[in-house]
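Notes follow the structure.
Every number in this text was worked out from the coordinates using simple rules, so none of it is lab data. Predicted, not measured: the structure shown is a model, and the values here were computed from it. A quick note on method: Cβ atoms are made from the backbone with ideal geometry, for glycine too, and the neighbour counts reach across all protein chains shown.
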Amino acid sequence: MVSKQTKGVNVTVVTLYEGFFQRGNSMQFAFSYEITIENQSDSTIQIHSRYWEIYDSLNTKEIVEGLGVVGEQPFILPQEKYTYSSGCVLTSTSGAMQGYYNVIRTDNQQMISIEIPFFKLIAPFILN
């Protein structure tokens, strides 16, 4: 588990290795992650968009951008949390992700960026 706080919003990430499968002639490695966004500020926020950098240990980098998270643009009240799960597939047994959310403070309509902490994706069998 990793956490990072930015401008009164805490983002916590928990990862899980889900297994592997073959696609064509290559192996694919699946990972899931659960993210909790905790609004510790005094203003309601709404998640507007996300930006991800996904790194594969084979030196590839994928950028993912889009509105909201998992098809939603949730409002998070002060002292409340929002949790969602998602995942990614890598072509190697390890990688990492990092990024940010663009959120809107509803009290003044200010857009702010909230960092998603850097986290590793590692298949447990490579740690031996």
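Take every pair of alpha-carbon atoms less than 8 Å apart whose residues are at least six positions apart; their mean separation over the length of the chain yields a relative contact order of 29 percent. On the beta carbon distance between LEU67 and ASN25, with R0 = 41 Å, the FRET formula returns roughly 0.75. Straight-line reach from LYS7: taking Cα to Cα under 20 Å and skipping same-chain neighbours fewer than 8 places apart, the aspartates and glutamates in range are GLU38, ASP42, GLU80, ASP107, GLU115.
For the stretch 38-78, the relative contact order comes to 51 percent (Cα pairs under 8 Å, sequence separation of at least 6). Over the chain, all Cα pairs binned in 10 Å intervals from 0 give whole-percent P(r) values of 13, 42, 28, 13, 4, 0, listed from short to long. Counting only residues at least eight positions apart within a chain, or on another chain, the lysines with an alpha carbon under 16 Å from that of LYS61 are LYS120.
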